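Chemist: Provided herewith is a single structure, encoded as structure tokens, for subsequent inquiry.
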Amino acid sequence: MKKILVTGANGQLGAELQQIAALYPDFRFIFTDSKTLPIDQEEKVREAFALHQPAYCINCAAYTAVDKAESEPARAMLVNGTAVGLLAQEAETVGAVLIHISSDYVFDGTALRPLKEDDPVNPLGVYGLSKRKGEELAQLYNPSSIIIRTSWVYSSYGHNFVKTMLRLMAERTEINVVNDQEGTPTFAADLAKVILDIISFAEQSGNPGSFGGIYHYSNDGATTWYEFASAIKEFSGSKCTVNPIPTSAYPTPAQRPAYSVFNKEKIRLVFGINTIPWKYSLQSCLLQLQRYLA
């Protein structure tokens, strides 16, 4: 039984992977977190790969505080950049495929059409720079690495936009949400299934190391943060008023890309992945949250 080593298993994506692992009985999962496997500690990473000899490593560990990264550039670069290179090196040593999660923040948001994997990157801030560094090091040290760029991730687990909006809508009669940044939400449960389906596909191919490269994945469609919040209001039955505002009215330490809609043809064609409309997945997440809160 081949092993899948998962880092950052207590985050949104890691938690979703734990939920569906039993549906993939051909694999043995080893779930680790920042305490059991701190990916920025070289000796610990080496020990983990030597001990477990995984066939795959799914790296869900990341520094995700986009604004805080502006004042902690060294820490962001260590976790999102240098540590990814270390994982890639150790994966290469034991013959494992690294599956690394990257971000739409590697782009500058000036595109006028859905972004392809080979479009020029131009990060606007420290977080984006650190994620791009991780991509580069993963490909440098382990050419079989599968890098999945995603965007606007949310889940019934952890901290995210959906849960923040639900809390604010319960506390206030009116909220303001940015309406001039366009992208696509990604339900972490969908992303988790995509990753494991990719691994299953790679295994069935007989040559799992041949799929290395960058792939774009999000749910289907395009929206703004305001429209996303409005859908959360509608589906949750909230009476809170949601007002659209420009980015200029909500300044943040880190600049966000104004446009980060992905072209997902490559991941569909290579792995036969079906993408799900973002509103459908949002409803699924809200149903989960309602069950947890009931």
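Chemist: Restricting attention to segment 206-217, does a residue exist that is open to solvent by less than 60 Å² (accessible area, probe 1.4 Å), of a type in the set (S, T, N, Q) and not in a strand (DSSP E or B)? I'd like the intermediate steps shown before the answer.
Modeler: Initial filter on segment 206-217 (open to solvent by less than 60 Å² (accessible area, probe 1.4 Å)): 208-209, 211-217.
Applying the additional criterion that residues be of a type in the set (S, T, N, Q) yields none.
For segment 206-217, residues open to solvent by less than 60 Å² (accessible area, probe 1.4 Å), of a type in the set (S, T, N, Q) and not in a strand (DSSP E or B): absent.
Chemist: Additional query: Given 203, 234, which one is surrounded by fewer than 17 Cβ atoms within 10 Å (Cβ to Cβ), acidic (Asp, Glu), assigned to a helix (DSSP H, G or I) and in contact (Cβ under 8 Å) with a residue 12 or more places away in the chain? Quick ask: steps written out before the conclusion?
Modeler: Numbers: 234 fails: in contact (Cβ under 8 Å) with a residue 12 or more places away in the chain.
Being surrounded by fewer than 17 Cβ atoms within 10 Å (Cβ to Cβ), acidic (Asp, Glu), assigned to a helix (DSSP H, G or I) and in contact (Cβ under 8 Å) with a residue 12 or more places away in the chain holds for just one of 203, 234, which is 203.
Chemist: Now a separate question. If you go through segment 31-74 one residue at a time, how many are open to solvent by less than 40 Å² (accessible area, probe 1.4 Å) and assigned to a strand (DSSP E or B)?
Modeler: The qualifying residues number 4.
Chemist: Among the listed residues 277, 253, 244, which satisfies the condition of being touching an Asp or Glu at 6+ places or on another chain (Cβ under 9 Å), surrounded by fewer than 19 Cβ atoms within 10 Å (Cβ to Cβ) and without any contact (Cβ under 8 Å) to a residue 60 or more places away in the chain? Walk me through it before giving the result.
Modeler: On the way: 253 fails: without any contact (Cβ under 8 Å) to a residue 60 or more places away in the chain; 244 fails: without any contact (Cβ under 8 Å) to a residue 60 or more places away in the chain.
Checking each option against the conditions leaves just 277.
Chemist: Could you grab me the full set of residues in segment 100-122 that are over 23 Å from residue 271 (Cβ atoms), in contact with a Leu (Cβ under 8 Å, 6 or more places away or on another chain) and not in a helix (DSSP H, G or I)?
Modeler: Narrowing segment 100-122 to residues over 23 Å from residue 271 (Cβ atoms): 105, 108-112, 120, 122.
Add one more test, that the residue is in contact with a Leu (Cβ under 8 Å, 6 or more places away or on another chain), and what stays is 105, 108-109.
Matches in segment 100-122: 108, 109.
Chemist: Looking at residue 116, is it among the charged types (D, E, K, R), under 21 Å from residue 20 (Cα atoms), at pLDDT 95 or above and open to solvent by 50 Å² or more (accessible area, probe 1.4 Å)?
Modeler: Spelling it out, it is not the case that residue 116 is among the charged types (D, E, K, R), under 21 Å from residue 20 (Cα atoms), at pLDDT 95 or above and open to solvent by 50 Å² or more (accessible area, probe 1.4 Å).
Chemist: Looking at segment 65-81, I want the residues that are farther than 8 Å from residue 126 by Cβ and at pLDDT 95 or above and have a partner that is open to solvent by 60 Å² or more (accessible area, probe 1.4 Å) and assigned to a loop (DSSP other than H, G, I, E, B) with Cβ atoms under 6 Å, at least 6 apart or on another chain. Which pairs are those?
Modeler: Qualifying pairs under 6 Å: 67/253.
Chemist: Answer yes or no: is there a residue in segment 92-99 that is assigned to a helix (DSSP H, G or I), open to solvent by less than 10 Å² (accessible area, probe 1.4 Å) and charged (D, E, K, R).
Modeler: Applying the first criterion (assigned to a helix (DSSP H, G or I)) to segment 92-99 yields 92-94.
Keeping just the survivors that are open to solvent by less than 10 Å² (accessible area, probe 1.4 Å) gives none.
No, every residue in segment 92-99 fails to be assigned to a helix (DSSP H, G or I), open to solvent by less than 10 Å² (accessible area, probe 1.4 Å) and charged (D, E, K, R).
Chemist: Kindly check whether there is at least one residue in segment 123-134 that is surrounded by fewer than 24 Cβ atoms within 10 Å (Cβ to Cβ), modelled with pLDDT of 95 or more, aliphatic (A, V, I, L, M) and closer than 27 Å to residue 266 by Cβ.
Modeler: Step one: of segment 123-134, the residues surrounded by fewer than 24 Cβ atoms within 10 Å (Cβ to Cβ) are 123-125, 129, 132-133.
With modelled with pLDDT of 95 or more added as a condition, the list becomes 123-125, 129, 132-133.
With aliphatic (A, V, I, L, M) added as a condition, the list becomes 124, 129.
Applying the additional criterion that residues be closer than 27 Å to residue 266 by Cβ yields 124, 129.
Yes, there is a match, as at least one residue in segment 123-134 is surrounded by fewer than 24 Cβ atoms within 10 Å (Cβ to Cβ), modelled with pLDDT of 95 or more, aliphatic (A, V, I, L, M) and closer than 27 Å to residue 266 by Cβ.
Chemist: Search segment 166-188 for residues being crowded, with 24+ Cβ neighbours inside 10 Å and hydrophobic (A, V, I, L, M, F, W, C), and hand back the single one that is farthest from residue 249 (Cα to Cα).
Modeler: Of everything passing the filter in segment 166-188, 188 is farthest from residue 249 (Cα to Cα).
Chemist: Checking the conditions here, which among 269, 282, 196, 286 is at negative phi, in a helix (DSSP H, G or I), modelled with pLDDT of 95 or more and open to solvent by 20 Å² or more (accessible area, probe 1.4 Å)?
Modeler: Details: 282 fails: open to solvent by 20 Å² or more (accessible area, probe 1.4 Å); 196 fails: open to solvent by 20 Å² or more (accessible area, probe 1.4 Å); 286 fails: open to solvent by 20 Å² or more (accessible area, probe 1.4 Å).
Just one listed residue meets the conditions, 269.
The values are calculated or read from the model by the stated rules, or taken from the named source; none is laboratory data. The shown structure was predicted, so the numbers you read here are calculated from the model rather than taken from an experiment. Every residue, glycine among them, receives a Cβ derived from its backbone with ideal geometry; neighbour counts consider all protein chains shown. Keep in mind that these areas ignore ligands, DNA and RNA; they rest on the heavy atoms of the full protein, side chains included. Shrake-Rupley method; radii C 1.70, N 1.55, O 1.52, S 1.80 Å.
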